[in-house]
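Below is one structure; the comments refer to it alone.
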Amino acid sequence: MPRQRKPKLAVWKFASCDGCQLSLLDCEEELLAVVGEVEIAYFLEASRAVIKGPYDISLVEGSITTPHDEERIHQVRRMSKTVVTIGACATAGGIQALRNFTNVRDYIPLVYATPAFIHTLNKSTPIADHIFVDLELRGCPINKHQLVELLSAILNGRKPNLPQHSVCIECKQRGNVCVMVSQGLPCLGPVTQTGCDALCPEFLRGCFGCFGPKEMPNMASLASHWLKEGMAKPELVRRFRGFNAYAEPFRKESEAHEK
């Protein structure tokens, strides 16, 4: 009886800091289990060995910021059965999407000695703006346990069990005292999807929105609360413009208070 072929896994990098790829390597014991079920065919962060596609699963980190990457992501889609975007850059444009609120051409001469050599798009955009994406995994960086759950779900033909609720729910589960109520700190927890184990509130800091907007977030209500507490509009805009600044709910709310 012929031996069943292992699914080929590829990991691709676009404009990003590599943090989400490192989360995969950080799986340690869990990674060994994953490796036993798939053939890692392309993962330059871990190995120079390359096995040609097509690939069963492609994990894509990073946003699209250059004309070259705009073409390359279509190549990834063509040779991948399942495409999964991982991290804030791939799912929402990342911190580099802050340039989308201004004219990037004004800044290139301030940074680069020879601006003519720089070929960049006007905006930093998520992968889904360019190709069809099968699944996405949020976070800056992603949660390694969620990554293992997602890969397990794909390999077993089921829907991944990933939470959609807010960081506030996780704070309650962990017994954290609300930092907005007790400390008067601005916190994006009410509108942010969980996945970080409420790390910042655990240490008496407001949530920075690393996992992007939760399901059906009430951005206007949170903004109204902040304004009633005396927050200036420029500060409110800055709060919504972090790691997921270009995620639609965050973007729309920040733009509503920018004028």
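Nearest 20 debye, what's the magnitude of the dipole of the stretch 167-256 about its Cα centre given +1 on Lys and Arg Cβ and -1 on Asp and Glu Cβ? Present the calculation step by step, with values, prior to reporting the outcome.
Working: 11 positive and 9 negative charges, 34 e Å.
Computed charge dipole of the stretch 167-256: roughly 160 debye.
How large is the charge dipole for the chain, taken about the Cα centre, if only the Cβ atoms of Lys, Arg (+1) and Asp, Glu (-1) carry charge, to the nearest 20 debye? Please list the in-between numbers first.
Details: 30 positive and 28 negative charges, 83 e Å.
Roughly 400 debye for the chain.
Work out Dmax and Rg for the stretch 8-155 from the C-alpha atoms and quote the Rg first, both in angstrom.
15.9, 49
At what distance in angstrom do the alpha carbon centres of the stretch 2-21 and the stretch 87-159 lie from each other?
If we compute the Cα centre of each part, the gap is 16 Å.
Taking the number of other C-beta atoms within 10 Å as the exposure measure, put Lys81, Lys52 in order starting with the fewest. Could you put the intermediate results ahead of the total?
Working: Lys81 14, Lys52 9.
Ranking Lys81, Lys52 by Cβ neighbours within 10 Å, fewest first, gives Lys52, Lys81.
I need the peptides 110-117, 170-177, 96-103, 56-63 ranked by packing, meaning the mean over residues of other C-beta atoms within 10 angstrom, with the highest value on top. Present the calculation step by step, with values, prior to reporting the outcome.
Details: 110-117: 8.5, 170-177: 14.5, 96-103: 16.4, 56-63: 26.4.
Top of the packing list down: 56-63, 96-103, 170-177, 110-117.
Using per-residue counts of other Cβ atoms within 10 Å, averaged over each peptide, order 66-74, 134-142 from highest down.
Numbers: 66-74: 14.6, 134-142: 22.8.
Going by the mean number of other Cβ atoms within 10 Å, highest first, we get 134-142, 66-74.
What nm value, rounded to one decimal, do you get for the distance between Thr82 and Phe101 when each label is placed 7 Å out toward the C-beta?
3.6 nm
Take the Cα coordinates of the stretch 141-216, assign each an equal point scatterer, and use the Debye formula without solvent to give log10 I(q)/I(0) at q = 0.17, 0.22, 0.24 Å⁻¹.
Ignoring solvent entirely, the Cα scatterers give -0.63, -0.92, -1.04.
So how compact is the stretch 102-251: Cα radius of gyration and Dmax in angstrom?
Radius of gyration, then largest Cα-Cα span, for the stretch 102-251: 18.2, 55 Å.
Would you calculate a helix-derived [θ] at 222 nm for the chain, using -39,500 (n - 2.57) for each DSSP H run of n ≥ 4 and dividing by the full residue count, to the nearest 500? Provide the component values of the computation, followed by the final result.
Numbers: 12 runs with 92 residues, N = 259.
Only helices count here, giving -9500 deg cm²/dmol.
Among rounded, prolate and oblate, which fits the stretch 167-256 when a ≥ b ≥ c are the square roots of the eigenvalues of its C-alpha gyration tensor, a/c under 1.5 means rounded, and a/b larger than b/c means prolate?
On the way: a/c = 1.91, a/b = 1.29, b/c = 1.48.
Note, shape of the stretch 167-256 comes out oblate.
Dipole of the stretch 167-256 (Lys/Arg Cβ +1, Asp/Glu Cβ -1, origin at the Cα centre): which of Ser221, Met231, Met180 lies farthest to the positive side?
Selected residue: Met231.
Which one of Phe43, Cys171, Leu204 has its Cα pushed farthest toward the positive end of the charge dipole of the chain, where Lys and Arg give +1 and Asp and Glu give -1 at the Cβ?
Phe43
About the Cα centre of the stretch 8-155, how large is the charge dipole given +1 on each Lys and Arg Cβ and -1 on each Asp and Glu Cβ? Please answer in debye to the nearest 20. Intermediate results must be reported in sequence, preceding the final value.
Details: 13 positive and 18 negative charges, 117 e Å.
With Lys and Arg at +1 and Asp and Glu at -1, about 560 debye.
What whole-number distance in Å separates the alpha-carbon centres of the stretch 66-84 and the stretch 197-259?
When both Cα centres are located, 31 Å separates them.
Quick one: helix 219-228 against the long Cα principal axis of the chain, what's the angle to the nearest 10°, folded into 0 to 90?
30 degrees
Counting other C-beta atoms within 10 Å, which of Tyr55, Tyr107, Tyr42, Tyr246 has the fewest, and how do the rest follow?
Details: Tyr55 24, Tyr107 12, Tyr42 21, Tyr246 27.
Ordered by Cβ neighbours within 10 Å, fewest first: Tyr107, Tyr42, Tyr55, Tyr246.
Quick one: which residues, 5+ away or cross-chain, put their amide H under 5 Å from the amide H of Gly139? H built at 1.01 Å from N.
Close amide H contacts, sequence-distant or interchain: Gly87, Ala88.
A 28 angstrom limit on the alpha carbon distance is what I want to check against. Which of Lys8/Lys172; Lys6/Lys159; Lys13/Lys159; Lys8/Lys252; Lys144/Lys214 exceed it? All intermediate terms of the calculation are to be shown ahead of the outcome.
Values: Lys8/Lys172 40 Å; Lys6/Lys159 20 Å; Lys13/Lys159 25 Å; Lys8/Lys252 39 Å; Lys144/Lys214 19 Å.
Result: Lys8/Lys172; Lys8/Lys252 exceed 28 Å.
Read the figures in this text as sums done on the coordinates, not as results from a lab. These numbers were taken from a predicted model, which means no experiment stands behind them. So basically every Cβ, Gly included, is an ideal-geometry build from the backbone, and we count neighbours across all protein chains shown.
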